[in-house]
């Protein structure tokens, strides 16, 4: 930055000296001949081309492709990737962070990541508990075709019990290693 400033200061000083020498020469020439000489001199003196001291740097930011593939949990797709599969469902009411880092809230289920990876959007048909859920959690005892629905109270989770449900996958999560649910 200092070099650029010094360079432009030098250019400015040299132009000032050149113009003042020009003016002194013009004032010493008398009459019409001096005016004619001044016009010819102006025609021959071209202003210097000012360029930046350093070439202009152009930056481009390329985002990592995986950032574009993040799962949007708030907008599940409604198209079905599979027909309904038979799953067993249980319920839990523990509060805290899930395996995906989210805090527990309604609309979450825990599932085996080999069957339904984190971020998968599923539709569950389970009577009063039917709806669209997102897989945000896993569990040590959640293996195979078992989903664990998060409910807000311990009492509601006990009432839910263990039941057979029909689960339809609306969208698989970003994990590519997925075993198909067993029929």
Multiplying the sequence separation of residue 83 and residue 49 by 0.36 nm and subtracting their Cα-Cα distance, what value in nm do you get? 5.0 nm
Is the stretch 97-139 best put as rounded, prolate or oblate by its Cα gyration tensor, with a ≥ b ≥ c the root eigenvalues, rounded for a/c under 1.5, and otherwise prolate when a/b is larger than b/c, oblate when not? oblate
Hey, with R₀ at 45 Å, roughly what FRET efficiency would residue 130 and residue 58 work out to, going by the Cβ-Cβ distance, to 0.05? 0.25
Could you grab the relative contact order for the stretch 101-147? Cα pairs under 8 Å, six or more apart, rounded to a whole percent. 47 percent
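Read the figures in this text as sums done on the coordinates, not as results from a lab. Only a predicted model underlies this, so the values are computations on that prediction, with no experimental measurement involved. Reconstructed Cβ throughout: ideal geometry from the backbone, glycine too, with neighbour counts over all protein chains shown.
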